[in-house]
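Here is the structure we will look at.
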Amino acid sequence: MASEAGKAPAIPGRRVLMFPLPFQGHLSPMLQLAAVLHARGLRVTIFHAAFNAPDSVAGYRFVPVGAGVPAADLVPTGSDADFVGALLRFNERLQGAFQNSLREVLEEEEGARPACLVLDSNLRGMQVVADRLGVPTLVLRTGGAACLVAYMAFPALCDKGLLPLQDHAQLNMPLDDLQPLQLGDMVFSTTTPHETMSNCLERIMESARYSSGVIINTFSELEGADLQKIIHGLGVPVYAVGPLHKISPSAQSSLLDADKTCLNWLDKQEAKSVLFLSIGSLASMTQEELVETAWGLANSCMPFLWVIRPNSVQCSGKVGLPEGFEEVTRGRGMVVSWAPQQEVLGHQAVGGFWTHNGWNSTLESICEGVPMICRPHFADQMINARYVQEVWKVGFELEGKLERGKIERSVRKLFCHEEGGEMRWRAKDLEDKATECMKKGGSSETRINLLVNFMMSLPCSI
Ligand code: UDP
């Protein structure tokens, strides 16, 4: 949790309002950004969905929005779930409630004029409300720069007739203007109708274009070329201020309780020997994939720490690890339902990360110099995995049907082969770059200072 200690003196009367999306991968970066701004003297008010409240933080004001709004279809989980529909519904259903809450807060906080509202880029509906009430907005992109470039290019691919995908043979088609991406990387969801997807991406791009600026959780040494494309393509200021989780390490709000006993278990393992497996907060696998993964791990003979969330196996109330698996892997493997992931990745015993390549997980792995086995599921995960493999070369994708022999070979490739060693070496290099960008005068530290100055200069018409 962020503390008041060590922060700059409050800038008289300036307050920043924030509205995150109530998903783990969106909530954490927003709270980390809040801590960055708070440490530079801004007061913080956080609007949040009433049904998925973050832990409170001393010194911030929290404003629940939409108490009593039916929420069952607003926070789906599972790789086959309708996330895009949920995002659109979320905007629609909470817009009115947000208008009332924002108006009340503006009236109550007259003495602390808000500099602006920072909202998740999926909250175009809330941005419209802020515009109406004269509050300038900035948009936080919790994904990487490459993802935003891909979203910008989506309409052109539709105009060319490449999307929606006509033929599965085109999945591997290289996209010359978006190298190293392939057409399949742009099929963000197989369960969402094309029109709904287009609508969602259009709203994300609108939120960026109609904002006073876009804040991205990345750093220029990692995604410099894509950041340039965004700067040229958007026409609003762009601030690459990441990696936020390293800049504000204490500011995270876990929606689930992390099992910290795994850190004691890691203490007993050899350096860089353990494979950490996690597919984030939303993705899921089938029971068959779970069984293949279990035997792949068992047969690889490598130590592992595996996160199996209660709802991460499709169509199953109870997780069914195969019989005999526990016995074979006793002492060498640990299964938890939620891990303190950043601490795990930073632990000296962890030498590899099997990830779904959510942007936070990808960035967290990069910042700890941990090479990856990539198994993307949906949304921007395919793009992130492509960059890990082709651009940064700090991991490789485990493609096709999950099968125990293939898994065993992948684990060995990462830990025992020269190729894996080279990935580890490059990952260490990226870790060093991430460390540099946060130092005084580093690229992200400089952007943060520019961002705060920019926020202070915004005219708020209330
Ligand atoms: N996470 C965690 N413990 C776990 C699994 C995930 O703390 O056992 C955190 C992880 O550190 C990351 C977030 O959950 O910050 C997941 O975000 P990401 O963007 O990687 O994926 P998403 O959940 O949005 O698909």
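Please treat every number below as a calculation from the coordinates, not as lab data. Because the structure is predicted, anything quoted here is derived from the model rather than measured. Here the Cβ positions follow ideal geometry from the backbone for every residue, glycine too, while neighbour counts run over all protein chains shown.
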Taking neighbour counts of Cβ atoms within 10 Å as a proxy for exposure, in what order, fewest first, do H168, H377 appear? H168, H377
Can you compute the modelled spin-label distance between S250 and I231, with each label point 7 Å from Cα toward Cβ, in nm? 3.4 nm
Mean shadow area of the chain over all directions, Cα convex hull, nm²: 21.2 nm²
So if we plug the beta-carbon distance of V69 and T191 into 1/(1 + (r/R0)^6) with R0 = 25 Å, what FRET efficiency do we get, rounded to 0.05? 0.55
Mind jotting down the distance between the C-alpha centroids of the range 391-438 and the range 360-387, whole Å? 10 Å
If you place +1 on the Cβ of every Lys and Arg and -1 on the Cβ of every Asp and Glu, how big does the dipole about the Cα centre of the range 199-258 come out, in debye to the nearest 20? 120 debye
Over the range 254-397, what relative contact order in percent results from Cα pairs under 8 Å that are six or more residues apart? 27 percent
Quote the charge dipole size of the chain about the Cα centre in Debye, to the nearest 20; the model charges only the Cβ of Lys and Arg (+1) and of Asp and Glu (-1). 960 debye
Order of 323-330, 212-219, 46-53 by packing, highest average Cβ count within 10 Å first? 212-219, 46-53, 323-330
Rounded to the nearest 500, what is the 222 nm mean residue ellipticity of the chain from helices alone, with -39500 (n - 2.57) per DSSP H run of 4+ residues and division by all residues? -13000 deg cm²/dmol
Direction-averaged shadow area of the convex hull around the Cα atoms of the range 68-156, nm²? 7.7 nm²
Ranking F83, F154 by Cβ neighbours within 10 Å, fewest first, what do you get? F154, F83
Any idea what angle helix 404-416 forms with the longest principal axis of the chain, computed on alpha-carbon atoms, 0 to 90 degrees, nearest 10? 80 degrees
Residues in the range 77-98 that a label on E108 would reach, taking backbone N under 19 Å of a point 7 Å out along Cα→Cβ: 95-98
Full extension from D131 to R209: what is 0.36 nm times the residue separation minus their Cα-Cα distance, to one decimal in nm? 26.8 nm
So between E343 and E399, what do we pick up on full extension, going 0.36 nm a residue minus the alpha carbon distance? 17.4 nm
Relative contact order of the chain, pairs being alpha-carbon contacts under 8 Å that are 6 or more residues apart, as %: 17 percent
Let's see if you can work this out: charge +1 on each Lys and Arg Cβ, -1 on each Asp and Glu Cβ, no other charges. What is the dipole magnitude of the range 334-400 about its Cα centre, in debye to the nearest 20? 80 debye
Using the eigenvalues of the Cα gyration tensor, what equivalent ellipsoid semi-axes result for the range 303-462 when each is taken as the square root of five times the eigenvalue, whole Å, largest first? 34, 21, 15
Could you state, as a whole-number percent, how many of the C-alpha pairs of the range 388-462 are farther apart than 15 Å? 70 percent
Quick one: angle between helix 83-108 and the longest Cα principal axis of the chain, in degrees between 0 and 90, rounded to 10, please. 30 degrees
